[in-house]
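A short reminder: the numbers here are calculations on the coordinates, not readings from a lab. All figures in this text were calculated on a predicted structure; none of them were measured in a lab. As a convention, Cβ positions derive from the backbone with ideal geometry for all residues, glycine included, and neighbour counts pool all protein chains shown.
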Amino acid sequence: MTERTGARVPGGWRPLVRGTVLTAWIVSCFLFLIWARARSFSLGYHLAEAKSEHRRLSDEGRALTLELTSLSAPERIRGPGTEAGLRAPKPEEVVALPAPEPTKPSRGRVKP
């Protein structure tokens, strides 16, 4: 009977450890590439949604600006005013008020 307690593996353990480490490194690189690709797709979808939202909000802002302009036009206001019996003031009926003094921002502090 031959005893194998002191037997050595041909080439030693180093090639096996090197191969295992190399395989683990290659697998981790592939996993990283897969993760990066999935993240890239996800960010692309989020970017497309953000662009769509920006376009929608820009259109809404233009529509609201147009509505504000049309609603505050003097011609629009003058018609119903004259129908209600209103007229433009005479120069002696105009009272000039002093301009309000500008105030400083409080920066979140309230004076007692």
task: Give me the distance in nm between label points sitting 7 Å out from Cα along the Cα-to-Cβ direction at Leu57 and Ser40, one decimal.
output: 2.8 nm
message: At 7 Å along Cα-to-Cβ for each site, give me the label-to-label distance between Ile26 and Leu66 in nm.
response: 6.2 nm
